[in-house]
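Since every read-out is calculated from the coordinates, none of them should be taken as a lab result. This one's a predicted model, so the numbers in the text were calculated from it and none came from an experiment. With ideal geometry, Cβ positions are generated from the backbone for all residues, glycine too; neighbour counts draw on all protein chains shown.
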Amino acid sequence: MARALIVFGSTTGNTETTAEQIGNVLSGKAIDVTIQDVAEVNPGDEADYDLVLYGCSTWGEDEIELQDDFIDYYESMERAAISGKGVGVFGCGDSSYTYFCGAVDAIEEKVKAVGGSLVAEGLKIDGEPDECEDEITAWAEAVAGAV
Ligand SMILES: Cc1cc2nc3c(=O)[nH]c(=O)nc-3n(C[C@H](O)[C@H](O)[C@H](O)COP(=O)(O)O)c2cc1C
């Protein structure tokens with residue numbers, strides 16, 4: 001059975017909810033899913049998984065700021081066990097900001113820099129994830145197809 005790790009950083013719960021929605025879709029595709037708060041993940045923990053999904057919301061005004069808990073992990077991603085592995089990135093944001101879901105772009109760049117292989121274009125949720133279920137399901141089905 002393929003194994004997927006979903007790592008999220010979420011301040012008000014939106015990206016966490018999105019992680020759970022994605023996890024439900026993957027579980028329905030017979031993928032063994034582990035969902036973890038990024039605060040509890042250390043680089044290297046990804047080694048046992050076939051697919052790694054990162055979820056992170058965006059903060060800041062004039063520049064891109066990752067969700068607080070994600071910053072330490074992001075800065076140590078050179079040691080993440082994702083080289084040659086399928087990776088997807090998602091996050092919640094607000095399109096009224098200059099850098100809509102800029103954290104998704106930043107993490108995607110980092111994934112590429114450390115040798116991970118992006119399996120889908122990043123998922124950027126504008127507003128409440130409960131109102132974007134179709135978009136989230138379609139993205140989760142696409143990444144599930146990569147394992
Ligand atoms: C002070 C502040 C700054 C924000 N900056 C951005 C931003 O630059 N880009 C963006 O897309 N969303 C931005 N947002 C919106 C949040 O990312 C959005 O509310 C998101 O759903 C939070 O997700 P979370 O609950 O998973 O942390 C900002 C929100 C606040 C309150």
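One table, with the values for the structure above:
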read-out: 5 angstrom amide H check on Gly55, placed H, neighbours 5+ away; value: Val7, Phe8, Gly9, Phe90
read-out: Linear extension gain, Asp130 paired with Ile64, 0.36 nm per residue minus alpha-carbon span; value: 21.3 nm
read-out: Amide H contacts of Leu118 (H built 1.01 Å from N, under 5 Å, at least 5 apart or other chain); value: Val87
read-out: Those residues of segment 124-147 whose amide nitrogen sits under 14 Å from the label point placed on Ser27, 7 Å along Cα→Cβ; value: none
read-out: Added length on full extension, which subtracts the Cα-Cα distance from 0.36 nm per residue, Glu40 to Phe100; value: 19.0 nm
read-out: Range of Cα positions in the chain per principal axis (Å), largest first; value: 42, 33, 24
read-out: Whichever lysines have a C-alpha closer than 21 Å to that of Lys112, once near sequence neighbours (fewer than 8 apart) are set aside; value: Lys85, Lys124
